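J.: A single structure is presented below for examination.
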Amino acid sequence: MQTDITILIVDHEERWAKSLKNSLNELGFRVTGIATNFEEAVIALNTLNYDIALLDIDLNNKNIGGIELGRMMYKFYKKPYIFITAGFEKDALDEAIQSRPAAYLTKPLDMASLIVAIQSAIQNFHAVDAPMQPENHGSETFFVKIGDKYKKVSWKNVVYLTSDKNYTVLFNAADDMEYYIRSSLHKTSQNIIPKHLQNNFIQINRAEIVQLPFIDEFKGDEVYTPYKRFTVNDSYIKTLKNSLNLIS
């Protein structure tokens, strides 16, 4: 679950940073602080609890501000960080790479890419000193926190997703296990499932989504997978039929 991941946001656009904080909180992360300039950021690095930092490169309208914070994160604080920027100049990009961030993302943010980048950064930080990777708009895998470790799950193995109050439960065919994500079913389908895979997942009632490749049979108001049978509500049947390759 993402609820245990704490995040520090450093960005000179305070309104944008607060909006990002709200989005991350809704997705189950916990933002412990926002800093809008270099001086505030240094204080936050030393006083706040956080697992990862999201750093604006263009801090105080100077590219060097965010990059210098990145160097400090890597050398002194030993925590992962992700660069977020509206765009790179070549000189800034070269310096950014040398400061060893876990990833870089460009505004406007794709939330699915950000979630994957955060999870991957935390998972990989102590295992590998990896060079910066470009933004990924469609990762085939993601990590779910289980106790003190992270489980890698491939979207192609997710059979269904079910709403459970403030959580989404997903079933992983690879290990026949259910995993919990602290996010509503709607937010999971819109923000966490990669955009290029969203058409594979079809909602069949208010509380359940099924991945189309796992549907073996469709009869009346029911669909069958090798793992579970589902009831399709009337308002979703037409969409389901349009998504299936039906031959009369």
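The values are calculated or read from the model by the stated rules, or taken from the named source; none is laboratory data. If you're wondering where the values come from, they're calculated on a predicted model, not measured in any experiment. Remember, those area values only see protein heavy atoms, side chains included, never the ligands or the DNA or RNA. Shrake-Rupley method; radii C 1.70, N 1.55, O 1.52, S 1.80 Å.
J.: Per residue, how many Å² of accessible area does the stretch 141-244 show with a 1.4 Å probe?
T.: Numbers: 5580 Å² over 104 residues.
So the stretch 141-244 comes to 54 Å² accessible per residue, rounded to a whole number.
J.: Let me ask you something else. If you build the Cα gyration tensor of the stretch 5-50 and take the root of 5 times each eigenvalue, what three semi-axes come out, in whole angstrom, biggest first?
T.: Largest first, the stretch 5-50 gives 18, 14, 5 Å.
J.: Quick check of the Kirkwood formula: for the stretch 141-244, what is the inverse mean of 1/r over all pairs of different Cα atoms, in Å? It would help to have the intermediate numbers written out before the result.
T.: Values: mean 1/r = 0.0715 Å⁻¹.
The Cα-based Kirkwood calculation yields 14.0 Å.
J.: For the stretch 184-248, what is the convex hull (Cα atoms) projected area averaged across all directions, in square nanometres? Numbers along the way, then the final one.
T.: Values: hull surface 18.6 nm².
Quarter of the Cα hull surface area: 4.7 nm².
J.: Now for a separate question. Which percent of the accessible area of the stretch 189-240 is formed by carbon and sulfur heavy atoms (probe 1.4 angstrom)? Before the final figure, lay out each step's value.
T.: Details: 1210 of 2920 Å².
The C+S portion of the solvent-accessible surface of the stretch 189-240 is 41 percent.
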